[in-house]
1. What does the charge count around V153 come to, taking other residues whose C-beta lies under 15 Å from its C-beta (Lys +1, Arg +1, Asp -1, Glu -1)?
2. Of (i) 63, 44, 38; (ii) 51, 42, 39; (iii) 77, 56, 33, which is the value of Cα extents along the principal axes in Å derived from the coordinates here?
3. Give me the base-10 log of I(q)/I(0) for region 148-305 at each q in 0.19, 0.21 Å⁻¹, Debye formula, one uniform scatterer per Cα, rounded to two decimals.
4. Just how far, in whole angstrom, is region 75-142 from region 9-61 if you go by their alpha carbon centroids?
5. Please enumerate, by chain and number, the aspartates and glutamates with C-alpha under 18 Å from the C-alpha of K257, excluding those fewer than 8 residues away in the same chain.
6. Starting from one equal scatterer on each C-alpha and no solvent at all, send me the Debye-based log10 I(q)/I(0) for region 96-153 at q = 0.17, 0.23 Å⁻¹, two decimals.
7. Specify the residue with the greatest mean-square fluctuation among L145, L281, L35, computed from a Gaussian network of the chain linking alpha-carbon atoms under 10 Å apart.
8. Under a 10 Å cutoff between Cα atoms, tell me which one of T164, T54, T316 has the largest fluctuation in the Gaussian network model of the chain.
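Every number here is computed from the coordinates shown, using simple stated rules; none is lab data. Everything numeric in this text was worked out from a predicted model, so none of it was measured. Using ideal geometry, Cβ is built from the backbone for each residue, glycine included, and neighbour counts are taken over all protein chains shown.
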Amino acid sequence: MRRVDLALIGFGNVARRFVSLLDERRERLASEHQLTCRVAGKATRRTGAEYEGTRCADAFEVIERLGTSSADLRIVVETTTLDVTDGEPAISHVRAGIEAGCHVVTANKGPVAFAYADLHAAARRAGVRFLFEGAVMDGIPIFNLVRGTLPLVDIIGFEGVVNTTTNHIITAVEAGETFEQALAKMQAAGIAEADPSLDVDGWDAAAKTAALANVLMDARVTPRAVRRTGLDASTGDAARAALAEGRRLKLVASARKNAAGALELVVEPRALPEDHLLARLAGSANALILETDLLDRIAITQLSGSLTQTAYGLLTDIIAIARTCPDR
């Protein structure tokens, strides 16, 4: 049996669901993966930081103490709120974890959208893993799909509906709800970002677009490189008008190279034909279509999104680390 010590940096809705999921799957983690996981430390903006029941100055001290743990695996779980200006403090948390000799998993788009190449390289030098399956489309294995099952395949573009909140809003206003009512439901469910403008203004989708491009296409961009148009008070009229014409309005994130070979990254509402895969996504469903050089187009769809799916993404990363890191 391998002992896993965890330090939770951020303890919002996703982190709390992750902790409960650990408890729900405790027996299977032990029997199927020979893992016993415990939360050794925690740091939050509201309640402060502590490690092994002792108060710490901040998250960085918690990470430093985790680095001295005698556990077989030491993993920083970073779930602070996305900051679309520079990805901080999440980037610094990830870097501190790597420097302390800990593996790092995160559901925060910021580190991957702003600093993926640097953090990936730092993790390789340190002999640890930096994983982030929960950062895009919750627990659906986008990154693991490409990393683990598509050898020798190049991703040359993608398009998708990758923000749960905005897809729910568009579906709801099509049916006659107000924009405010639809957004309030997502906030009540804990799915909308802490600052809902990150969702409705398209910043969350832009961060995911940058993250996907950086990891799958070696783009080295930030969300600021994404041409972005979000939703507003006119979305209801636009959605109903598209529906009357046999089309469906969706907030689409895409990346593809133009005629000059430059990568164009876009997040914008598009009226899609009804037979388009993305047009059929209702409510909290998401989907991503990968354009490849050898396999044409590959689509992966999530028919519902919730805190459980995002928390599961963190859990799968921990299992992936255990599978690829030998016993001490």
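1. Neighbourhood net charge equals -3.
2. Working out Cα extents along the principal axes in Å from the coordinates points to (i).
3. Values, matching the q order: -1.18, -1.37.
4. Each part's Cα centre sits 16 Å from the other's.
5. Those aspartates and glutamates meeting the cut-off are D154, E159, D218, E268, E291, D293, D296.
6. Listed by q, the Debye log ratios stand at -0.59, -0.99.
7. The residue with the greatest mean-square fluctuation here is L145.
8. T54
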